[in-house]
Amino acid sequence: MKVEFSAIPKAFSGNVAALVGGDKQLLGAAQAIDKAGSGALGRAMASSRFTGAKGQSLMVLGQAGLGRLMLLGVGKGRDLDARTAENLGGQIVADANAAGQTSVTVVIDAVKGSRLTPGQIAAHVALGAQLRNYRFDKYKTKDKPEQKNSLTAITVAVAGPAEARRAYDRLSPAIDAVFFTRDLVSEPANELYPVEFARRAKELAKLGVKVQILGEAEMKKLGLNVLLAVGQGSSRESQLLVMTWMNGPKNQKPVALIGKGVCFDTGGISLKPAGGMEDMKWDMGGAGAVVGAMKLIAGRKAKANVVAVCALVENMPDGNATRPGDVVKSLSGQTVEIINTDAEGRLILCDAMWYCQEKFKPQAMVELSTLTGAIIISLGHERAGLFSNDTPLSNKLRGAGALVGEKLWRMPLGPNYDKLIDSEIADMKNVSNGRDGGSITAAQFLQRFVQPGVAWAHLDIAGMAWSSKGNATCPKGATAYGVRLLDRLIADNYEK
Ligand code: BES
Ligand code: MN
Ligand code: ZN
């Protein structure tokens, strides 16, 4: 979809979206259209519930010279922040596509009380519009035209279009990165398996990212036995994807990003029930977000040192699969009793994290994984669970999340939880005896692989990687949660 910024025209034509403040306060464009129509908009508002409150919209048809006119409530000026602006853009696109519009002009009048300039609002509206205008339809051969996204162009009219364009140029690299991740996460597992995932990540080399891929033979030599134990029941080869972007100060230790990339999770010998198992194609959402974030960070030439390690496997049951009760030695030297082969995320991550710390000595390590169903019980689909040994890092993550609308909630850790994964026969087991505190015991397992002095955060994104309902800036399906969060974390805290 093409986005253009223009000055506010004297007269309006075609499909228009215009802003209304709280209490039915028509702003510039809406006011002009209302006047030209002898108070038509006032009458339209009077015969509806629309008051201009945040999130409301009202469609008005039949205005002379106009196609569809969408009035958008922005509520109180001080509530109009970047997120609200992005949601407005998404709302417009969803409506325009549903109606089969091919173009729309969005008029951004000055909104009193907002901390954003009209140019900034315009840029965020455009970003939200693009993020919503995504569709994964490569496997549809019989789509009717009305099923496709019809919108091909959006014009954002604002006083000071040059400022808007500059602001948009800073925001827009996120679009490609988010779509790259959504594509990865949406792919079915027969198409996207570890080797194919790694192949697609190689594309980042064009941006100057160093991409290195370790296969099973190399991992075996190094001793990533616990990771390999997860993949050994699959005919697809496991991969360790290692990416580095060292564009910061020479003496600055890197920030490490770690991703869970289970391209399909059957549960292994601890087989999952059939209902809903197809969802487990997106059990690589953590790795998908990490690759998208690296694409964004490198794409905008961030002045930071960032490394990424993604553990890519397929968790399958077969004659060679890991059995419940097997004991395996991890890269760290610690031994793990694998009680439940469906708790595989923590197994691949423990070796990936250790490898990363040995190789790169990071100052901070942020890991993303669709780790536990239990986190969905706790937090639903509103927030990812945040587990960390470091309050400053937690606060940086929460701050970044609030700014991009990828929210987090900090969860507890502690020695009494940690005890629950002590094993009778090995250093630890991969699950506790009951299901109680399942997300926390999973995090405790990971924490046993954090080296002294490393600020570590684990984000359990099981409830966030996929949206069965969709939202203002994301259609149903893969969300790419984490891409903008990680980029913002780096931009605001680790760039000089
Ligand atoms: N990938 C799943 C977690 C998951 C569940 C993600 C639902 C997204 C939606 C993970 O590998 C898993 O199977 N976890 C088990 C852990 C249990 C065996 C301790 C779970 O949550 O049931
Ligand atoms: Mn599992
Ligand atoms: Zn899993």
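Here are the numbers for the structure shown:
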read-out	value
Selection from the range 368-384 of residues that are away from ligand 2 (no atom under 16 Å from the Cβ) and either over 23 Å from residue 472 (Cβ atoms) or outside the structural domain of residue 218 (by TED's automatic domain parsing) (or both)	378
Test: residue 44 is part of a helix (DSSP H, G or I) and touching a residue at least 60 places away in the same chain (Cβ under 8 Å)	no
Strands (runs of 3 or more DSSP E) wholly inside the range 304-418 containing at least 1 residues that are open to solvent by less than 40 Å² (accessible area, probe 1.4 Å) and within 16 Å of ligand 3 (Cβ to nearest atom)	305-315, 335-338, 364-369, 384-388
Selection from the range 65-104 of residues that are touching a Lys or Arg at 6+ places or on another chain (Cβ under 8 Å) and on the phi > 0 side of the Ramachandran plot	75
Scan of the range 233-279 for residues that are touching a Lys or Arg at 6+ places or on another chain (Cβ under 7 Å), within 16 Å of ligand 2 (Cβ to nearest atom) and outside any strand (DSSP E or B), ordered by number	266, 269
Some residue of the range 418-425 being more than 19 Å from residue 451 (Cα to Cα), within 21 Å of the chain's Cα centre (by Cα) and within 16 Å of ligand 1 (Cβ to nearest atom)	no
Residue match in the range 207-227 (condition: more than 24 Å from residue 478 (Cα to Cα) and within 16 Å of ligand 2 (Cβ to nearest atom))	yes
In the range 86-115, the residues that are outside any helix (DSSP H, G or I) and open to solvent by less than 40 Å² (accessible area, probe 1.4 Å)	101, 104, 105, 106, 107, 108, 109, 111, 114
Some residue of the range 293-301 being more than 11 Å from ligand 1 (Cβ to nearest atom), without any contact (Cβ under 8 Å) to a residue 12 or more places away in the chain and assigned by TED's automatic domain parsing to the domain that holds residue 188	no
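The values are calculated or read from the model by the stated rules, or taken from the named source; none is laboratory data. Just so it is clear, the model here is predicted, and its values are computed rather than measured. Every residue, glycine among them, receives a Cβ derived from its backbone with ideal geometry; neighbour counts consider all protein chains shown. Note: areas computed on protein heavy atoms with side chains; ligands, DNA, RNA excluded. Shrake-Rupley method; radii C 1.70, N 1.55, O 1.52, S 1.80 Å.
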